[in-house]
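Report on the structure given below.
Where a number appears in this text, it was derived from the coordinates with a stated rule and is not lab data. All values derive from a computational prediction rather than experimental measurement. For neighbour counting, all protein chains shown are included, and Cβ atoms are generated from backbone atoms with ideal geometry for every residue, glycine included.
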Amino acid sequence: MTFDNLDISLTEFGQRVVEEMQNQLFENKSVGTGDLARSIQSTVKALPNDQGEQLQVSLLWYGELLEDGGPARRAGRMPPVLPIENWIKRKKIPVPAKFKSPKSFAFAIAYSIKKKGVERYPEKPFIMESIKNAAANFGTDAITEALEKDIIINLNDAATSAGGIVT
């Protein structure tokens, strides 16, 4: 069996989902470097044993943390300083006068996290919202129509190869 029409329809729907997810990230003000938005990709995979097609959307691991909210961090261990320093520079956070450099400021933040921990950060849902928006705007009708066409084509091919006459 072939599902060429379904492949095309799912690919188009996947692209709409990717665009929606990227837009939602910007609307949620969840974009720092843009790496997460650039990482979002969709692919259509054939299911085993001719069971159909599947749309898969992949993104960097921390997208799920944004969707569900990030975990709290208990006091006890100091996080790495370099990511905090890079964050300070990227966000152009002014370094207080009592610190000599962004590195020493980042160290102080990391040490504070070690002493106090951090609270759970809030959810910024964008994955499920994007899928719902894409389904509402693009519509699932196009996917249904594509599948119907493929089923008719496959049935006609099977009937023809069995010696039947399709009218």
| When Lys and Arg each count +1 and Asp and Glu each count -1, what net charge do the other residues less than 13 Å away from LEU82, Cβ to Cβ, add up to? | +2
| note | Check: C-alpha center the stretch 75-129 vs C-alpha center the stretch 134-158, spacing in Å is 49 Å
| request: Treat the stretch 1-89 as a sphere of radius equal to its Kirkwood radius over Cα pairs and apply Stokes-Einstein at 25 °C in a medium of 0.890 mPa s; give the translational diffusion coefficient in µm²/s, rounded to a whole number. | output: 155 µm²/s
| Normalised contact order of the chain, rounded percent, pairs of Cα under 8 Å and 6 or more residues apart | 30 percent
| note | In terms of the charge dipole of the chain, which places +1 on Lys and Arg and -1 on Asp and Glu at the beta carbon, the residue among PRO83, GLY70, ALA134 farthest towards the positive end is PRO83
| task | Place +1 on the Cβ of every Lys and Arg and -1 on the Cβ of every Asp and Glu in the chain, take the dipole about the Cα centre, and give the residue among GLN41, PRO96, LEU60 whose Cα lies farthest towards its positive end. | result | PRO96
| query | In percent, what relative contact order does the stretch 72-119 have, based on Cα pairs under 8 Å that are 6 or more apart in sequence? | reply | 62 percent
| In Hz, Karplus ³J(HN,Hα) per residue of the stretch 139-145 (6.51, -1.76, 1.60; θ = phi - 60°; x = Gly, Pro) | x, 7, 4, 5, 5, 4, 4
| Cβ-placed point charges (K, R +1; D, E -1), dipole of the stretch 72-119 about Cα centre in debye, nearest 20 | 20 debye
| query | Assigning unit charges at the beta carbon (Lys, Arg +1; Asp, Glu -1) and nothing else, what dipole magnitude in debye, to the nearest 20, does the chain show about its Cα centre? | reply | 2440 debye
| Taking the chain as a Gaussian network, Cα atoms linked when under 10 Å apart, which of GLY139, GLY52, GLY76 shows the biggest mean-square fluctuation? | GLY76
| query | What lysines sit close enough to LYS115 to cross-link, taking a C-alpha to C-alpha distance under 28 Å and skipping anything fewer than 8 places away on the same chain? | reply | LYS89, LYS91, LYS92, LYS98, LYS100, LYS103, LYS124
| task | Calculate for the chain the 222 nm mean residue ellipticity that helices alone would give, adding -39,500 (n - 2.57) per DSSP H run of length 4 or more and normalising by residue count, nearest 500 deg cm²/dmol. | result | -17500 deg cm²/dmol
| request: Could you run the Debye sum over the Cα atoms of the stretch 72-119, one equal point scatterer each and no solvent, and tell me log10 of I(q)/I(0) at q = 0.14, 0.29 Å⁻¹, two decimals? | output: -0.32, -1.03
| Using modelled amide H (1.01 Å from N, peptide plane; none on Pro or chain starts), what sits under 5 Å from the amide H of GLU53, excluding residues fewer than 5 places away? | LEU47
| request: Could you point to the label whose value was computed as volume of the Cα convex hull per residue in Å³ for the structure here, given (i) 127; (ii) 244; (iii) 106? | output: (i)
| Quick one: Karplus J couplings for the stretch 92-103, per residue in order, coefficients 6.51, -1.76, 1.60, θ = phi - 60°, nearest Hz, x for Gly and Pro? | 6, 6, x, 7, x, 4, 6, 9, 7, 7, x, 5
